[in-house]
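None of the figures in this text is laboratory data; all of them are computed from the coordinates on show. Here the structure is a predicted model, which means the values were calculated and not measured. For neighbour counting, all protein chains shown are included, and Cβ atoms are generated from backbone atoms with ideal geometry for every residue, glycine included.
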Amino acid sequence: MKKHLIWALAALAVTAISCNKPVTPDPGPEPEKTAPKILSASLRGAGGATEIIAGESAKFTASLENDNTGTLASYSLKVTHQGWTIAQSEGALAGNTANLDVDLVLDPGAITEAFYADVQLVVVNSNNLSASKTLSEAENVLIKPEPAPEKLYLVDNNSSVYEMALFSPGFYKTDADLAAIGTSFKVAEKVNGSSIDESGKVWGSFPVPDSESFGLLWLGFNIATQKVEKMINFTVVADITKMAEDYGHGVFWDMEFHKDCKVVFEGYGANAEEMVQKDRFDCFDGNTARYTGQTTKWEVYFIKSEKWLVLRDHWYTFGIKKCLWVTGANASLPMLPIGVRPLNWFAEAGELPTSSLSCVTKDGVIWEVLMYMKANFEIKVYDKRAWANEQQWTTITPNLFTITPMEADPETGKVDGNYGVAGPDFVEGYYTLKFNSDTNEAGLYSYE
């Protein structure tokens, strides 16, 4: 009995001690770590201006914060235009709040049109969580081109000076006879007599481009691309009254074109710029244009109902010259109205001029064609113009178009595939397809 009493008293003592021990409260779950916050951000010119001239400075400001679960750690700021970085800044941050004040010089090079750059800020905190913001136009600054001079001056290595008049935004060309031009030249904003005035801008020196022995009608200069252009002294006259007939369409069966030649359109009753394929003509002036494709002979079709002028390779070029074709479905020539004459593989007769499209090339390697393309397009590339000459190809722009694999039909056993179809980022619109005939790589590029 005495032994049991001792054990009972010991148990009571332990219980008493346990009851007197302090109780630690349950802290609960740890607070969720959160990302930083970009409260506001803007890009402005001097004095808060909403417009600047390209090359001027602008100030980027932003208000940042982070709650007590972490602190601000770093920021990265990038300003881009058409994929090119024109300004950037990055740095360390500390604490729970910060105000950014960053001076940037926004110099996109020579431009011809005003634009809003893509401005993106990324902020990271001590928890390695981030927040990002892309400025809206209301928060951004409009970057405008420098006022264009009324004219520039071409000064050759013989000190001969030729005025270059403004032809289109950022593009200047000569009007004078160039028969006596030297072998090289510079382009200047200012001259003193026959000498360049170095107080103005000067571009070059450039070699006088080849004219295929025809001579030059004009030389041009683009201040945005700093590229020299030319028109040679060879003129193609496309006179509607001289066309033959083919299934209700007008046609020139064998019209000779030289790269950079002058083309005159007579009697079509349509604006030249609206009726031709833009991937093979430019520098439109009334009823004239410059041809920019390869030197070759084309079939030239006039689709009377739509007033389209279409350049096509010949059937009989097999083994005579290299040519590439694109055909398929749910794509079409780029002229208005869109889609009335879609690609239709190699349909013939009245559909022949528009069912498949000939590519143009500047170097015999990179071939291209401009099309209007719908989301369900299917296209293939052919060397010459026969089903047996289908090109196996790979895409270098898989976000815009992919190539279907060659697969056997489980029922018929027929193997098919190799179709160019829309990629995940494709949106219906105008695109240029470029095909490298050396590597069989192809890319699809949005056309504006």
Any idea what the relative contact order of segment 234-310 is, in percent, if you count C-alpha pairs under 8 Å spaced at least 6 apart? 35 percent
Can you give the translational diffusion coefficient of segment 234-310 in µm²/s, computed by Stokes-Einstein from the Kirkwood radius over Cα pairs at 37 °C and 0.692 mPa s? 265 µm²/s
For Y447 and E212, extending 7 Å from Cα along the Cα-Cβ vector and measuring point to point gives, in nm, a value of 2.2 nm
If each residue of separation counts as 0.36 nm, what is the full-extension length gain between T235 and A179 once their alpha-carbon separation is subtracted? 18.5 nm
Rounded FRET efficiency, nearest 0.05, which uses the C-beta distance separating E306 from V264 and R0 of 25 Å: 0.75
Per residue Cα convex hull volume in Å³ - calculated over the chain: 273 Å³
Contour minus end-to-end for S205 and M406, with contour as 0.36 nm per residue of separation and end-to-end as the Cα-Cα distance? 67.2 nm
With a point put 7 Å past each Cα toward its Cβ, work out how far A375 is from T112 in nm, to one decimal. 3.4 nm
Using Cβ counts within 10 Å as a stand-in for footprinting exposure, how do R385, R280 rank, fewest first? R385, R280
Cα-Cα over 28 Å, subset of K78/K434; K201/K259; K227/K434; K78/K190; K227/K259; K173/K278: K78/K434; K201/K259; K78/K190
Would you calculate a helix-derived [θ] at 222 nm for the chain, using -39,500 (n - 2.57) for each DSSP H run of n ≥ 4 and dividing by the full residue count, to the nearest 500? -1500 deg cm²/dmol
Give me the Kirkwood hydrodynamic radius of segment 151-231 in Å, from all C-alpha pairs, to one decimal place? 12.5 Å
R0 = 30 Å: FRET efficiency of E256 with V415, Cβ-based, nearest 0.05? 0.10
Let's test the formula: R0 of 41 Å, r as the Cβ-Cβ distance of S130 and N440. What FRET efficiency results, to the nearest 0.05? 0.50
Mean Cβ-within-10 Å packing, highest first, puts peptides 374-382, 400-408 in the order 374-382, 400-408
Over the alpha-carbon set of segment 305-429, work out the extent along each principal axis and list the three values in angstrom, largest first. 43, 36, 32
Sticking with the crude label model, points 7 Å out along Cα→Cβ, report the distance from S159 to A349 in nm, one decimal please. 7.1 nm
Suppose the Debye formula is applied to equal point scatterers at every Cα of segment 37-144; what is log10 I(q)/I(0) at q = 0.20 Å⁻¹? -0.96
On a C-alpha basis, how far is the centre of segment 359-417 from the centre of segment 61-116 in Å? Whole number, if you could? 42 Å
Take every Cα pair under 8 Å in the chain that's 6+ residues apart, average their separations, divide by the length, and report that relative contact order as a whole percent. 8 percent
Residue by residue, what Karplus-based ³J(HN,Hα) values in Hz, rounded to whole numbers, does segment 371-377 have, using 6.51, -1.76 and 1.60 with θ = phi - 60° and x for Gly and Pro? 9, 9, 10, 8, 5, 9, 5
Rounded to the nearest 10 degrees, what's the angle between the helix 2-20 long axis and the longest principal axis of the chain, both from Cα atoms, 0 to 90? 40 degrees
Only counting other Cβ atoms within 10 Å, I'd like D363, D416 sorted with the fewest neighbours first. D363, D416
